[in-house]
Amino acid sequence: MTTAIWWIRRDVRLSDNQALDTALAHADAVLPVFVLDPHILERPTTGSTRVAFLFDGLRQLDADLRARGSRLVVRPGDPTETLAALVTETGAAAIFAEEDFSPTARRRDGRAASALPLHLVGGRLVHPPGTVLKADGAPYTVFTPFSRAWRALMPPTAVIPPPAALPTPPSV
C-alpha cells in the first residue's frame, strides 16, 4: 500500500483542494498533517485571534475528515524535521502541499524540498504570481492593460469536490 502525506498549510479545506486531490490520485492512503510551526506561531505579529481562528479551522477540518473515515494529525515543530519523522513513521513515498508564494513560505518549502519528497501543487489562485505578463515577458505597470490580460487568462471554473471517503494509514 502506498502512502502519501497531505501537508496542510493555508488550505484548511476538503473541497476544491488540488493538493489533496493529487495526493489521493498518487497513493492508496493519505495522511492529513498540519505542522504547528513555532516560527509562525511565536512571532510577535501572530495575535491570539489569528491563532484561535486557525485552531477553529483545524477542529472543523478534523471533524470533516473523521466523517470520511480519516483524522487530522497535528504535530508541533520545524516542518522539515516533523515531516521527515512522519515519512519515517509511515513509509510515505511523497508529500503533497499547495504552493505558497510568500517569501517565508518559499524558504520553508525550499528547505523541505531539499530533504523530502515534497511535491508542490498549484493552489486555487486565479493567477499565480508571474503569470500575467506583457508580450515581452515584463510585468504590467498600468492597471487597465493588466486587467484585460488578467481577464483573458481566466481559468476553468470547475470545482474539485471533497472526497466521499479518505483512506488513511492505520497507525500514526
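The values are calculated or read from the model by the stated rules, or taken from the named source; none is laboratory data. Here the structure is a predicted model, which means the values were calculated and not measured. When we count neighbours, we look across all protein chains shown, and the Cβ atoms used for this are built from the backbone with ideal geometry, even at glycine. With ligands, DNA and RNA removed, areas are computed over all heavy atoms of the protein, side chains included. Shrake-Rupley method; radii C 1.70, N 1.55, O 1.52, S 1.80 Å.
Brief remarks on what is shown
- Entry comment: accessible area of the chain is 56 Å² per residue, from protein heavy atoms only and a probe of 1.4 Å.
- Helix-only mean residue ellipticity at 222 nm for the chain, each DSSP H run of n ≥ 4 adding -39500 (n - 2.57), per residue, nearest 500: -12000 deg cm²/dmol
- The stretch 35-117: chymotrypsin sites (Phe, Trp or Tyr not before Pro) falling in loop per DSSP and having at most 13 other Cβ within 10 Å: Phe101
- The stretch 21-67: proportion of alpha-carbon pairs further apart than 13 angstrom, %: 68 percent
- Using Cβ point charges alone (K and R +1, D and E -1), the dipole size of the chain about the Cα centre works out to roughly 440 debye.
- The chain - percent relative contact order, Cα under 8 Å, separation 6 or more: 33 percent
- Dipole in debye (nearest 20) - the stretch 33-89, about Cα centre, beta carbon charges: Lys, Arg +1; Asp, Glu -1: 240 debye
- Expressed as a whole percent, the accessible area of the chain that falls on carbon and sulfur atoms is 58 (1.4 Å probe).
- Length gained when the stretch Arg59-Ala138 is fully extended (0.36 nm per residue, less Cα-Cα span): 24.1 nm
- Dipole moment magnitude, nearest 20 debye, the stretch 70-172 about Cα centre, only Lys, Arg, Asp, Glu C-beta charged: 320 debye
- Once C-alpha pairs closer than 8 Å and six or more residues apart are averaged by separation and normalised to the residue number of the stretch 1-57, the relative contact order reads 40 percent.
- Applying 0.36 nm per residue to the separation of Arg148 and Arg66 and subtracting their alpha-carbon distance, the gain on full extension is 25.1 nm.
- Of the residues Ala25, Leu133, His119, the one whose Cα sits farthest toward the positive end of the charge dipole of the chain, with +1 on the Cβ of Lys and Arg and -1 on the Cβ of Asp and Glu, is Leu133.
- Size-normalised alpha-carbon gyration radius of the stretch 12-134, reference 2.2 N^0.38 Å: 1.10
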